[in-house]
Amino acid sequence: MTDKPKDCSIQIITGNCTGCTMCVKTCPFGAISMVDSAEAKKGKLAVIDYMKCTLCGACVESCKFKAIEMTVCKVAPKVALGDYKGVWVFAEQKKGKVQSVVYELLGKGRELADALGTELAAVLIGDAVEAQAEELFWRGADKVYLVENAGLKSYQDEPYTNIIVELVKEFKPEILLYGATSIGRSLASRIAVKLYTGLTADCTALDIDKEKKILLQTRPAFGGNIMATILCENYRPQMATVRHKVFKEAQVDKSRKGQVVKKSYPDNLLASRTRISDVVEEISSTVNLTEADIIVSGGRGLGKAEGFKVIEELAKVLGGAVGASRSAVDAEWIPYSHQVGQTGKTVCPKIYIACGISGQIQHLAGMSSSEIIIAINKDSQAPIFSVATYGIVGDLYEVVPALTQKFKEILKK
Amino acid sequence: MNIIVCIKQVPDTQDIRINPETNTLMREGVQSIVNPFDMYAIEEALRIKERLGAASTKVTVLSMGPSQAEEALREAVSMGADEMVLMSDRAFAGSDTWATSYTLAKGIQKLGKFDLIICGKQAIDGDTAQVGPGIAATLDIPQVTYVKKTEDIKEGLAKFERMTEEGYEVIETPLPCLITVVKEINIPRLPSLKGKIKAKQSKATVLGAKDLEVDPDRLGLQGSPTAVKKIFTPPKRTGGQVLQGEVPDIVNKLADSIKDVVISVSKT
């Protein structure tokens, strides 16, 4: 056991602790233990090991006796908070085309901006991308900050970081959102460090605290086993990344117009030490897994690599993407880029069809927020059925081809 | 060449179960493991060492955490890492990703000259993927995230394949740089007997806040821009309908239930 650090704000209230051990069982970090104590009601007292404690608060929630108290530390704001106004969305583009996650963020961004009574802006960086600004306005942006340069055609960490850092310093937004893509995650982390501000990854809910006018950022942790609401009270901008399909795309309103604010920066800020020497596209199906509305996934129950043929056929008819469980990838039946789950991709399509997937917690972590889950498995006890909207206990080699045939008829393919 | 691998000790989330009565996490029997993505980072460092020659390359594993995290470092040494450094101080407690990146970067600076820093793509307890790029930004060095292959590496220069949503990019970078690696990059080796003996005999160098040139206001909870306001268990997703009967009947029932969604999706 170690002493309580000076800025640590969690403690056990000896008088309330009953020694029930619920907190010991709950703590994800094993930071709480029970000791014999004469002062405690029932002779046992919970003790927090502050070296292990991350102040996640899970124990506070679990305690039925209000014996654990966690207070938010009062730290003086690091910046003049009132100077920061407006909600921004990073308008990620690839090959000059704005990515769909941006329109999802603009939908949510509009709500947040309206709740704060402020404006919504998009940050568009690239080469000859001005034409994309129009749709950003249609989707709810009031302003587009546009930075164009031949060297900015493809995303690179350093110039993109430098530009956004400069824009933030000049125009001071209070909120800045990014898609939780391979680009957004790399970029936002670098920007957070440069600006000394907070960043919350993979938010599944964003709201405004009406009283304090700050952003409430909710995200899953421990593979979705717990949810945490995170604040960035004293630093600006409040930054978050959000995965594909978490929010609904903003509707198109072609009557909407906005203002383009063009900025340019000196060459030293546009320089990149890394260089992209080749780009290879290799996803075997044409649909990007994280963006797909429908995913058909195969697991160990397929029994063989050839089993993915029936999966692919159904995916093709439905216009969806092909996913896989870790065991199917480990068996080398399909490349890793198709893996769904904790060590693969996190997806939330409208329909997820799990074929021959038992549903290990690490797989569920990657797909359990899908709108409709269909499970097809021989084993009626498979955990996948506990999350499935529709469960079919049966042979996937009978069910899946029949389903493919059925949808060929329905969709007249 | 000096390679630093940053690792984290995490609870094995595959062991985590939810208590159905209280709807809370059950920690009993949950093992601490080396974050799985960090295993690929350790393995990649060892492969680069083998490629460049063992005599000229040193692999140091670094972790920030409680004293128990030394177990995780030992595992890396048993696989073949040369040295281990544990950053442990109660001043680091409650760090968010900003403060963690800052602290690890300061620890790395303390270790002296380095050429390559390798991190796993993310840790499985927090899943943020922010600390790797955060370290790179603090040290002001280039980064290549989601690396799936080391194509080439030599003094001062390297070439990596970076996984993207569509495939991959080949990225050339000067050294020093930081990379984060994905599962596809390699298959981590098992510890050797010799390694295990070495790990048993080794001791981690321990660094605390006093050993670092840091701004104490930027450490731990106090230095963290974000704070957890509340933790809650998500509403449990419950199983729905189990469709029964002959295959054609089941398929018809299912098709009727999801047909509208499928048709609406196919139109967009």
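Miscellaneous remarks
- When A:Gln381 is tested against (1) outside any helix (DSSP H, G or I); (2) buried (at least 24 other Cβ atoms within 10 Å of the Cβ); (3) not basic (Lys, Arg), exactly one condition is not met: (2).
- Filtered by the rule that a residue be part of a loop (DSSP other than H, G, I, E, B) and small (Gly, Ala, Ser), segment A:336-351 gives A:Gly341, A:Gly344.
- If you filter segment A:286-309 down to residues that are in contact with a strand residue (DSSP E or B) (Cβ under 8 Å, 6 or more places away or on another chain) and of a type in the set (Val, Ile, Thr), you find that the one that is farthest from A:Leu403 (Cα to Cα) is A:Thr290.
- Taking the listed residues B:Ile42, B:Ile124, the one that is touching a residue at least 60 places away in the same chain (Cβ under 8 Å), within 14 Å of another protein chain (Cβ to nearest Cβ), surrounded by 23 or more Cβ atoms within 10 Å (Cβ to Cβ) and not in a strand (DSSP E or B) is B:Ile124, with no other qualifying.
- Scanning segment B:89-118 for residues that are more than 23 Å from B:Ile48 (Cβ to Cβ), part of a loop (DSSP other than H, G, I, E, B) and modelled with pLDDT of 95 or more gives no hits.
- Number of residues in segment A:154-185 that are free of Cβ contacts under 8 Å to residues at least 40 places away in the same chain and within 8 Å of chain B (Cβ to nearest Cβ) equals 2.
- Residues that are on the phi < 0 side of the Ramachandran plot and free of Cβ contacts under 8 Å to residues at least 60 places away in the same chain were ranked within segment B:45-59; the one that is surrounded by the fewest Cβ atoms within 10 Å (Cβ to Cβ) is B:Ala55.
- When A:Tyr145, A:Tyr155 are checked against the criterion of being assigned by TED's automatic domain parsing to the domain that holds A:Gln238, aromatic (Phe, Trp, Tyr) and under 27 Å from A:Asp207 (Cα atoms), a single residue qualifies: A:Tyr145.
- Of all residues in segment B:156-200 being assigned to a loop (DSSP other than H, G, I, E, B) and facing another protein chain (nearest Cβ under 7 Å), the one that is nearest to B:Met39 (Cα to Cα): B:Thr164
- Residue list for segment B:240-258, restricted to those being more than 8 Å from chain A (Cβ to nearest Cβ) and either among the aliphatic types (A, V, I, L, M) or on the phi < 0 side of the Ramachandran plot (or both): B:Glu246, B:Asp249, B:Lys253, B:Asp256
- Screening A:Val280 with (1) within 7 Å of chain B (Cβ to nearest Cβ); (2) part of a strand (DSSP E or B); (3) over 22 Å from A:Thr181 (Cα atoms) gives one miss only, at (3).
- Subset of segment A:11-21 [surrounded by fewer than 23 Cβ atoms within 10 Å (Cβ to Cβ) and on the phi < 0 side of the Ramachandran plot]: A:Gln11, A:Ile12, A:Ile13, A:Thr14, A:Gly15, A:Asn16, A:Thr18, A:Cys20
- Filter pass, A:Gly344 being modelled with pLDDT under 95 and in contact with a strand residue (DSSP E or B) (Cβ under 6 Å, 6 or more places away or on another chain): no
- Residues within segment B:211-239 that are polar (S, T, N, Q), within 7 Å of another protein chain (Cβ to nearest Cβ) and more than 23 Å from the chain's Cα centre (by Cα), tallied: 2
- In segment B:230-268, the residues that are touching a Cys at 6+ places or on another chain (Cβ under 8 Å) and within 27 Å of A:Ser358 (Cβ to Cβ): none
- Residue ID - surrounded by the fewest Cβ atoms within 10 Å (Cβ to Cβ), chosen from residues in segment A:237-264 that are among the small types (Gly, Ala, Ser) and more than 15 Å from A:Leu120 (Cα to Cα): A:Ser255
- Screening segment A:4-68 for strands (runs of 3 or more DSSP E) wholly inside it with 2 or more residues that are within 14 Å of chain B (Cβ to nearest Cβ) and within 17 Å of B:Pro66 (Cα to Cα) returns the ranges A:32-36.
- Scanning segment A:355-411 for residues that are facing chain B (nearest Cβ under 7 Å), over 20 Å from B:Ile250 (Cα atoms) and of a type in the set (Gly, Ala, Ser) yields a single hit, A:Ser368.
- Unmet requirement for B:Thr128, which otherwise passes all of (1) in contact with a strand residue (DSSP E or B) (Cβ under 7 Å, 6 or more places away or on another chain); (2) hydroxyl-bearing (Ser, Thr, Tyr); (3) modelled with pLDDT under 95: (1)
- A:Met227 fulfils the conditions (1) outside any helix (DSSP H, G or I); (2) under 27 Å from A:Arg256 (Cβ atoms) except for a single criterion, (2).
- Within segment A:287-343, the set of residues being of a type in the set (Phe, Trp, Tyr) and farther than 20 Å from A:His244 by Cα comprises A:Phe308, A:Trp333.
- For segment B:56-82, the set of residues classified as assigned to a helix (DSSP H, G or I) and within 14 Å of chain A (Cβ to nearest Cβ) consists of B:Ser67, B:Gln68, B:Ala69, B:Glu70, B:Glu71, B:Ala72, listed by residue number.
- Residues considered: B:Ser202, B:Ser266, B:Ser224, B:Ser192. Of these, the only one that is in contact with a Leu (Cβ under 8 Å, 6 or more places away or on another chain) and among the polar types (S, T, N, Q) is B:Ser266.
- Residues of segment A:186-203 that are touching a strand residue (DSSP E or B) at 6+ places or on another chain (Cβ under 6 Å) and more than 8 Å from chain B (Cβ to nearest Cβ): A:Cys203 alone.
- Checked against the criterion of being surrounded by 23 or more Cβ atoms within 10 Å (Cβ to Cβ) and not aromatic (Phe, Trp, Tyr), the candidates A:Ile361, A:Ile334, A:Ile351 yield just one match: A:Ile334.
The values are calculated or read from the model by the stated rules, or taken from the named source; none is laboratory data. Note that this is a predicted model, so its numbers are computed, not measured. No Cβ is skipped: glycine too gets one built from the backbone with ideal geometry, and neighbour counts run over all protein chains shown.
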